[in-house]
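Data block below; observations after.
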Amino acid sequence: MSSSPATTAPAPESVDQRIAAVADVARRLLPEEGVITDRARLRTYECDGLAHYRVTPALVVVPETAEQLAEVVRACADHAVPYVARGSGTGLSGGALPHAEGVLVVTSRMREIREVRREDQRAVVEPGVINLDVTRAATPHGYYYAPDPSSQQICSIGGNVAENSGGAHCLKYGFTANHVLGADFVAPDGEHVPLGGMAPDAPGYDLLGAVIGSEGTLGIVTTVTVRLTRLPEEVRTLLVGFASTDQAGAATSAIIAAGIVPAAIEMMDALAIEAAEAAVRCNYPDGAGAVLVIELDGSVHDVEAEFSDVERLCREHGSFEQRLATDPADRALIWKGRKSAFAAVGRISPDYIVQDGVIPRTALPEVLSRIAALSEESGVRVANVFHAGDGNLHPLVLFDDAVEGAGDAAEKVSGAILDLCIEHGGSITGEHGVGMDKAKYMPRMYSDDDLDTMQLVRCAFDPHHLSNPGKLFPTPRLCGEVPGRKKAPHPLQAAGLAEVF
Amino acid sequence: MAASTTTDLDGAREALTSVCGRVGELEEASDGVDGVRPGLVAGPNDVDQVAAVMRVCSERGLSVVPRGRGTKLTWGTPPASADVLLDLSALDRVLDHQAGDLILATQAGVRLADVQSVAAEGGQRLTLDETVPGGSVGGMLATNASGPRRQAVGTARDLLIGITVVRHDGVVAKAGGRVVKNVAGYDLGKLLVGSFGTLGVIVDATFRLHPVPAATRWVSAAFDGPARAHELVQAAVHSQVVPAAVELEQDEQGGRVHVLLEGRPDGVAGRTEALRALLGPDATDAEEPPAGGAAYPWDLAATGDERDTALKTTFALSGLPDVLGALGDLDGLRLRGSAGVGVLYAALPHRTAPADVAATVERLRGVCGRHGGSVVVVDAPAAVKDAVDPWGPVPALALMRRVKEQFDPDHRLSPGRFVGGI
Ligand SMILES: Cc1cc2nc3c(=O)[nH]c(=O)nc-3n(C[C@H](O)[C@H](O)[C@H](O)COP(=O)(O)OP(=O)(O)OC[C@H]3O[C@@H](n4cnc5c(N)ncnc54)[C@H](O)[C@@H]3O)c2cc1C
């Protein structure tokens with residue numbers, strides 16, 4: 001298809017020349033403030049939400065339209081310049097970490113909600129649109145956008161697509177992948193194509209499905225078509241105090257076993273509660289070893305019946321306090337403690353690592369006791385916050401960087417928690433992504449063959465590794481090496497065949 | 001590309017027999033893959049054997065068409081070549097059902113109905129309808145078949161959480177896993193769903209399950225034309241009764257919209273009342289599903305030239321009246337589909353002249369295209385498939401070809417069955 005830009009470019013250019021060439025194109029397309037080359041201003045983009053990785057990009061471009069964005073990408077392809085997309089920079093795995101010899105393409109000026117189509121239950125938005133703004137625009141029509149990451153007031157839809165972001169309510173409603181039906185997409189050769197669309201089941205490969213969650217390594221989404229979800233008739237939020245996480249976990253299992261699919265079940269342990277109290281005075285039950293935030297939504301009839309079951313099941317599993325909120329203000333108060341949990345930990349520890357791993361929910365008691373043991377052995381404190389309904393753990397590993405060796409000790413505990421997740425058949429990330437941070441853990445979860453096969457997709461989209469290189473995979477695949485019969489036989493293949501004949 | 005001479009096949013037979021449980025000829029009665037007769041049928045007993053078969057085929061340059069239970073083998077375009085029909089029916093074990101975690105892992109040759117029986121033991125189900133009786137999990141995934149219950153929970157792509165595939169070169173690779181929430185790595189499952197055997201051989205799959213609802217109720221209302229049909233569907237989808245399905249059917253007898261409510265008995269009872277009020281005084285409700293159930297509107301038993309032309313039309317919801325209008329005047333037309341998500345299936349009688357079918361499809365493509373959708377000829381007599389591109393125009397075809405090129409560089413996996421001749 002597209003020939004290698006490295007070979008079509010006339011003479012080998014230096015990095016500076018290549019960046020300058022892209023900057024020239026960008027200046028032609030964009031107003032002055034949209035092309036940033038000043039060192040001090042470049043530095044403001046040096047990290048995303050995972051602040052301990054920092055790289056200053058060579059150039060920052062802030063396009064205002066999809067066409068401009070595509071042209072910039074085309075210029076990058078022409079000059080073999082790597083680029084990284086950035087939405088709001090709230091990612092927690094270093095996904096939007098810039099490339100030192102590359103361009104950072106920022107979508108913060110592409111924030112228009114183009115259409116809210118109630119009749120079609122769709123909205124069409126630009127990639128820089130803030131997640132919560134979609135819901136705000138849809139609510140007057142009786143609709144909302146279901147995926148609700150805790151960062152929803154600041155994170156962008158483009159970032160959500162790249163990370164396949166979830167939220168507290170994805171237990172019932174699914175993730176970004178289940179709510180994005182179409183996107184205009186700029187491939188790494190600058191080709192601008194629609195993937196999916198207004199209607200479901202577009203014929204052909206589900207390329208959109210592959211792009212969602214690919215962390216910007218396959219290309220950049222511009223316009224995004226999302227599904228809007230009807231607001232439920234009734235919502236009830238219940239805050240339940242338990243003496244221990246074991247009890248709270250058992251109650252969660254009992255609720256699921258009863259055939260109830262709550263909109264959300266979130267758990268916080270004593271340390272996480274302490275932090276939240278200190279930060280936002282959420283007034284959670286006194287002396288609780290764990291709290292559950294359980295939300296039920298749906299039609300009035302169902303929610304009422306489910307609610308009485310949930311209340312009973314929590315009681316049977318040792319809850320000592322239950323508080324029900326039905327009006328939006330009270331519900332917001334309950335959620336405040338949970339949604340501020342990450343930041344709140346700053347109140348009780350100078351530094352902390354936000355971990356993100358997944359286990360089968362039934363392994364919760366076992367894994368939590370192992371985490372407690374890890375904490376005890378190492379003396380590193382761990383506060384636990386999680387989406388209990390789907391087994392997505394967010395252990396917050398606390399440390400003080402001023403103390404020598406504390407960072408390393410915390411890092412070790414944090415890594416051991418991921419090992420626990422893998423050991424229990426889980427995942428190294430449920431929503432924050434692999435990015436820069438966890439690429440080294442990928443081989444613990446997947447075999448070489450698995451990773452090689454995934455990278456076939458990368459080679460199809462981005463054979464020259466220009467789009468967000470260095471993320472996601474520990475070692476890039478050389479895309480030229482297509483193992484095919486007519487080319488050099490794969491050693492494994494040769495071995496297999498030797499056995500056959 | 002394909003090596004189909006007799007001597008080649010004899011050599012291949014020998015090589016395959018040494019690595020694979022069953023190797024033989026196609027059953028006499030079978031019409032192969034939509035009329036293309038495979039040279040050999042290989043029936044591996046496990047994933048290792050699938051891999052070994054794929055290595056042999058790779059070495060010998062043989063084309064391979066996977067088959068689950070053979071219920072949808074005529075869908076799509078007939079393959080350009082089918083040296084080896086890879087029969088996966090012996091991969092028939094449900095591997096694991098973790099009721100507490102609401103997940104189930106199964107081999108690809110298992111019938112969907114058998115998956116449901118296993119899930120049901122734990123009071124659960126895989127919320128995917130059986131649209132063609134007897135079909136396998138692998139076939140359902142490869143064709144992206146879906147039925148009424150997609151309204152609330154989506155389709156296979158939304159419920160699949162892990163997958164294992166055997167590549168063209170025999171390498172076994174998995175993606176995803178056994179937990180519902182997982183964003184580590186590319187979601188290969190999404191690419192494989194609906195890929196019609198052109199990217200790899202699906203050998204096992206892991207799904208998220210849902211609890212079986214205690215109560216179900218169908219609320220139905222008749223319509224006399226596109227405008228009323230649209231009103232009914234819009235009333236259902238904008239309601240707060242959480243429909244599990246919003247179906248539409250139309251034939252010589254007229255048209256009806258059927259809305260499924262599922263859940264707790266008390267909840268379903270209350271919602272049934274609310275929905276009946278929304279759908280008007282003539283609405284009725286029943287425990288039993290409508291007669292057509294999840295089945296397609298075409299005659300599944302028909303083969304060869306007796307097949308109806310089976311169409312799948314998709315559109316944004318606001319396009320329903322236009323699409324119904326365009327379909328409505330066709331002779332002998334039968335319609336059924338998930339109107340609540342913008343999918344309608346249509347059957348044109350097998351007697352319809354190919355040129356007329358082609359003209360109709362062309363016209364429908366215009367209408368559906370204006371509403372953000374498409375028209376695919378799911379199945380049809382050979383003459384019809386010759387007269388019209390079953391897949392129609394597809395954007396991003398160049399990228400799709402590049403994906404194919406990576407996964408199947410020699411174009412040996414179900415060659416020609418998919419969009420743009422892939
Ligand atoms: C306090 C806090 C709470 C959080 N809670 C949650 C949570 O509950 N659930 C959750 O899932 N995440 C959560 N996150 C993580 C983060 O908010 C999400 O990953 C979010 O989707 C990132 O969006 P962003 O716009 O900030 O993306 P960025 O950080 O700017 O980028 C993230 C990735 O997306 C790529 N990218 C950005 N825009 C595009 C585009 N248009 N096309 C292609 N690729 C693109 C980037 O290259 C990068 O790889 C939280 C983060 C914070 C700080």
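Miscellaneous remarks
- Residue match in the stretch A:216-226 (condition: crowded, with 24+ Cβ neighbours inside 10 Å, more than 13 Å from the ligand (Cβ to nearest atom) and under 30 Å from B:Gly369 (Cα atoms)): yes
- Enumeration of residues in the stretch A:359-376 that are at the interface with another protein chain (Cβ under 8 Å from one of its Cβ atoms) and under 15 Å from A:Asp419 (Cβ atoms): A:Ile359
- Yes/no for B:Ala82 being part of a loop (DSSP other than H, G, I, E, B) and within 27 Å of B:Asp48 (Cβ to Cβ): yes
- Among the residues listed as B:Leu317, B:Leu279, B:Leu275, the single one being more than 19 Å from the chain's Cα centre (by Cα), more than 14 Å from chain A (Cβ to nearest Cβ) and among the aliphatic types (A, V, I, L, M): B:Leu279
- Of all residues making up the stretch B:119-145, the number that are open to solvent by 40 Å² or more (accessible area, probe 1.4 Å) and without any contact (Cβ under 8 Å) to a residue 60 or more places away in the chain: 1
- Restricting the stretch B:87-115 to residues that are away from chain A (no Cβ under 13 Å), touching a Pro at 6+ places or on another chain (Cβ under 9 Å) and small (Gly, Ala, Ser), the residue that is surrounded by the most Cβ atoms within 10 Å (Cβ to Cβ): B:Ala108
- Candidate set from the stretch A:138-155 (those that are among the hydrophobic types (A, V, I, L, M, F, W, C) and either open to solvent by 20 Å² or more (accessible area, probe 1.4 Å) or near the ligand (Cβ under 8 Å from one of its atoms) (or both)); member that is nearest to A:Ala183 (Cα to Cα): A:Cys155
- Per-region count, the stretch B:336-347, residues within 14 Å of chain A (Cβ to nearest Cβ), of a type in the set (A, V, I, L, M, F, W, C) and part of a strand (DSSP E or B): 2
- The single residue among B:Val23, B:Val33, B:Val47, B:Val53 that is under 27 Å from B:Val94 (Cα atoms) and surrounded by fewer than 21 Cβ atoms within 10 Å (Cβ to Cβ) turns out to be B:Val47.
- Scanning the stretch A:432-439 finds one or more residues that are facing chain B (nearest Cβ under 7 Å), within 12 Å of the ligand (Cβ to nearest atom) and closer than 27 Å to A:His169 by Cβ.
- Any hit, the stretch A:122-137, residues being in a helix (DSSP H, G or I), within 14 Å of chain B (Cβ to nearest Cβ) and either within 13 Å of the ligand (Cβ to nearest atom) or among the basic types (Lys, Arg) (or both): no
- If you go through the stretch A:197-234 and keep only what is among the acidic types (Asp, Glu) and either within 7 Å of chain B (Cβ to nearest Cβ) or out of contact with any helix residue (DSSP H, G or I) (no Cβ under 9 Å at 6 or more places or on another chain) (or both), you end up with A:Asp201, A:Asp206, A:Glu233.
- Residues being away from the ligand (no atom under 16 Å from the Cβ) and assigned to a strand (DSSP E or B) are entirely absent from the stretch A:183-190.
- The single condition among (1) under 30 Å from B:Val323 (Cα atoms); (2) crowded, with 24+ Cβ neighbours inside 10 Å that B:Ile202 does not meet is (1).
- When the stretch A:428-450 is filtered for residues that are part of a helix (DSSP H, G or I) and either touching a helix residue (DSSP H, G or I) at 6+ places or on another chain (Cβ under 6 Å) or under 19 Å from B:Lys181 (Cα atoms) (or both), the ones remaining, listed by number, are A:Ala439, A:Tyr441, A:Met442, A:Pro443, A:Arg444, A:Met445, A:Asp450.
- When A:Ala388 is tested against (1) more than 10 Å from chain B (Cβ to nearest Cβ); (2) modelled with pLDDT of 95 or more; (3) within 23 Å of the chain's Cα centre (by Cα), exactly one condition is not met: (2).
- Boolean, A:Gly158 is near the ligand (Cβ under 8 Å from one of its atoms), open to solvent by 10 Å² or more (accessible area, probe 1.4 Å) and under 19 Å from B:Gly185 (Cα atoms): yes
- Filtered by the rule that a residue be open to solvent by less than 10 Å² (accessible area, probe 1.4 Å) and more than 14 Å from every other protein chain (Cβ to nearest Cβ), the stretch A:416-431 gives a lone residue, A:Ile417.
- Test: residue in the stretch A:174-196 that is more than 8 Å from chain B (Cβ to nearest Cβ), open to solvent by 20 Å² or more (accessible area, probe 1.4 Å) and touching a His at 6+ places or on another chain (Cβ under 8 Å): yes
- Filtering B:Arg217, B:Arg228 for residues that are within 30 Å of B:Gly123 (Cα to Cα) and either in contact with a helix residue (DSSP H, G or I) (Cβ under 8 Å, 6 or more places away or on another chain) or at pLDDT 95 or above (or both) leaves a single hit, B:Arg217.
- The single residue among A:Ser244, A:Ser253 that is more than 9 Å from every other protein chain (Cβ to nearest Cβ), among the hydroxyl-bearing types (Ser, Thr, Tyr) and away from the ligand (no atom under 16 Å from the Cβ) turns out to be A:Ser244.
- Top-ranked residue of the stretch A:56-89 - restricted to ones that are open to solvent by 40 Å² or more (accessible area, probe 1.4 Å) and part of a loop (DSSP other than H, G, I, E, B), ranked as farthest from the ligand (Cβ to nearest atom): A:His79
- Restricting attention to the stretch A:90-101, the residues being within 14 Å of another protein chain (Cβ to nearest Cβ) and near the ligand (Cβ under 6 Å from one of its atoms) number 3.
- Any hit, the stretch A:262-272, residues being closer than 30 Å to A:Asp401 by Cβ, within 14 Å of another protein chain (Cβ to nearest Cβ) and either within 16 Å of the ligand (Cβ to nearest atom) or surrounded by fewer than 17 Cβ atoms within 10 Å (Cβ to Cβ) (or both): yes
- Among the residues of the stretch B:293-335, those identified as of a type in the set (Asp, Glu) and outside any loop (DSSP other than H, G, I, E, B) are B:Asp305, B:Glu306, B:Asp322.
The values are calculated or read from the model by the stated rules, or taken from the named source; none is laboratory data. As the structure is a prediction and not an experimental result, all values here were calculated from the model. Every residue, glycine among them, receives a Cβ derived from its backbone with ideal geometry; neighbour counts consider all protein chains shown. Surface areas here come from the heavy atoms of the whole protein model, side chains and all, with no ligands, DNA or RNA. Shrake-Rupley method; radii C 1.70, N 1.55, O 1.52, S 1.80 Å.
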